[in-house]
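The values are calculated or read from the model by the stated rules, or taken from the named source; none is laboratory data. Not measured: the values here are computed from a predicted model. FYI the Cβ positions are ideal-geometry reconstructions off the backbone, even for glycines, and counts take in every protein chain you see. Protein only, heavy atoms only, side chains kept; ligands, DNA and RNA dropped before computing areas. Shrake-Rupley method; radii C 1.70, N 1.55, O 1.52, S 1.80 Å.
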Amino acid sequence: MPYILVLYYSRHGSVAQLAEALAAGIESVAGIEARVRTVPEVGPGFDKAIDTIPDQGPLYCTPEDFAGAAGLALGSPGRFGNMAAALKYFLEQTTSSWINGQMLGKPATVFTSTTTPHGGQESTLLSMMNPLLHHGMLITGVPFSEPALHSDYGGGTPYGVSHIAGEQHQNLSAEVAKLATSQGKRLAHYSLRLLNDH
């Protein structure tokens, strides 16, 4: 069965919650499934060997997971208005997929969470789109036809679903969870439509 890769990095769990809601939206569409993956931490000495399987949560993403996906949902916390280094490092290892055009014409979407309302959510989302555009992917966001985009002030954005976690890393609001689920469902429909067109 074709799958959409839900690939994310999460430090305190908020981006992971968004990933779960997106995956639920994907799984609600018949004929396609969600494959949820994460990436390892990076830091000083990050080139040392890491365990190939994390202690908890989803598996680490492989180049094969990335290249074989029918679509991609990419999530990261905001880091000074940019994606987290761990996710960027993974994307920099996808050169082979880029050279071989393995992601050309596949749909993608992005999502984020920040601690504060001024954490650079929109620029973080845009930073995640850049490598996907280089891969030739088709970017989809959250249209203003989504009622929750108008009614919630704890997240949103047309660039992709976002969440303001606060210092206590609060759970997603019902509206933000609904936006994430809708975003996943929309991505699943686009992925299937493009698969059927080829």
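Within the stretch 157-198, which residues are of a type in the set (S, T, N, Q) and open to solvent by 50 Å² or more (accessible area, probe 1.4 Å)? Walk me through it before giving the result.
Start the filter on the stretch 157-198 by keeping residues that are of a type in the set (S, T, N, Q), which leaves 157, 162, 168, 170-171, 173, 181-183, 191, 196.
Across the stretch 157-198, the qualifying residues are GLN168, GLN170, ASN171, ASN196.
Looking for whichever is more than 18 Å from GLY155 (Cα to Cα), of a type in the set (Gly, Ala, Ser) and open to solvent by less than 50 Å² (accessible area, probe 1.4 Å) here; the options are ALA70, ALA19, ALA30. Which one fits?
None of the other options fit; the residue is ALA70.
State whether one or more residues within the stretch 123-130 are among the small types (Gly, Ala, Ser), within 20 Å of ALA24 (Cα to Cα) and not in a loop (DSSP other than H, G, I, E, B).
In the first step, residues of the stretch 123-130 are kept if they are among the small types (Gly, Ala, Ser); the result is 123, 127.
Filter once more, so that each one left must be within 20 Å of ALA24 (Cα to Cα): none.
The answer is no, given that none of the residues of the stretch 123-130 is among the small types (Gly, Ala, Ser), within 20 Å of ALA24 (Cα to Cα) and not in a loop (DSSP other than H, G, I, E, B).
Among what's in the stretch 157-182 and is part of a loop (DSSP other than H, G, I, E, B) and among the hydroxyl-bearing types (Ser, Thr, Tyr), pick the residue that is farthest from ALA73 (Cα to Cα).
That would be SER173.
Mind checking whether some residue in the stretch 39-54 is surrounded by 19 or more Cβ atoms within 10 Å (Cβ to Cβ) and without any contact (Cβ under 8 Å) to a residue 60 or more places away in the chain?
Initial filter on the stretch 39-54 (surrounded by 19 or more Cβ atoms within 10 Å (Cβ to Cβ)): 39.
Adding the requirement that they be without any contact (Cβ under 8 Å) to a residue 60 or more places away in the chain leaves 39.
Yes: the stretch 39-54 contains one or more residues that are surrounded by 19 or more Cβ atoms within 10 Å (Cβ to Cβ) and without any contact (Cβ under 8 Å) to a residue 60 or more places away in the chain.
Are any residues in the stretch 142-156 part of a loop (DSSP other than H, G, I, E, B) and either within 20 Å of ALA23 (Cβ to Cβ) or open to solvent by 30 Å² or more (accessible area, probe 1.4 Å) (or both), and if so, which ones? Show your work before the answer.
If we filter the stretch 142-156 for residues that are part of a loop (DSSP other than H, G, I, E, B), which is where we start, we get 142-147, 152-156.
If the condition is that a residue be part of a loop (DSSP other than H, G, I, E, B) and either within 20 Å of ALA23 (Cβ to Cβ) or open to solvent by 30 Å² or more (accessible area, probe 1.4 Å) (or both), then VAL142, PRO143, PHE144, SER145, GLU146, PRO147, TYR153, GLY155, GLY156 are the ones that fit.
Of all residues in the stretch 62-78 being in a strand (DSSP E or B) and in contact with a Lys or Arg (Cβ under 9 Å, 6 or more places away or on another chain), which is farthest from GLN121 (Cα to Cα)?
GLY71
I'd like to know if the stretch 102-114 contains one or more residues that are out of contact with any Phe, Trp or Tyr (no Cβ under 6 Å at 6 or more places or on another chain), surrounded by fewer than 20 Cβ atoms within 10 Å (Cβ to Cβ) and in a helix (DSSP H, G or I).
no
Among the residues of the stretch 100-119, are any more than 27 Å from PRO44 (Cα to Cα), at pLDDT below 95, within 16 Å of the chain's Cα centre (by Cα) and among the small types (Gly, Ala, Ser)?
no
Are there any pairs, at least 6 apart or on different chains, whose C-beta atoms fall under 6 Å, with the first in the stretch 127-138 and modelled with pLDDT of 95 or more and the second surrounded by 13 or more Cβ atoms within 10 Å (Cβ to Cβ) and assigned to a helix (DSSP H, G or I), and if so, which?
PRO131/LEU91; HIS135/TRP98
Between residues in the stretch 55-83 that are acidic (Asp, Glu) and residues that are modelled with pLDDT under 95, which pairs lie under 9 Å by C-beta distance while being six or more apart or on different chains?
Filtered contacts from the stretch 55-83: ASP65/LEU59.
Scan the stretch 73-87 for residues that are open to solvent by 10 Å² or more (accessible area, probe 1.4 Å) and either of a type in the set (Gly, Ala, Ser) or more than 20 Å from THR140 (Cα to Cα) (or both) and jot them down.
Once the filter is applied, which keeps residues that are open to solvent by 10 Å² or more (accessible area, probe 1.4 Å) and either of a type in the set (Gly, Ala, Ser) or more than 20 Å from THR140 (Cα to Cα) (or both), the stretch 73-87 yields GLY78, ARG79, PHE80, GLY81, ALA85.
Of all residues in the stretch 11-32, how many are hydroxyl-bearing (Ser, Thr, Tyr) and assigned to a helix (DSSP H, G or I)? Quick ask: steps written out before the conclusion?
At the first step, the residues of the stretch 11-32 found to be hydroxyl-bearing (Ser, Thr, Tyr) are 14, 28.
Subsequent filtering for residues that are assigned to a helix (DSSP H, G or I) retains 14.
Here the count works out to 1.
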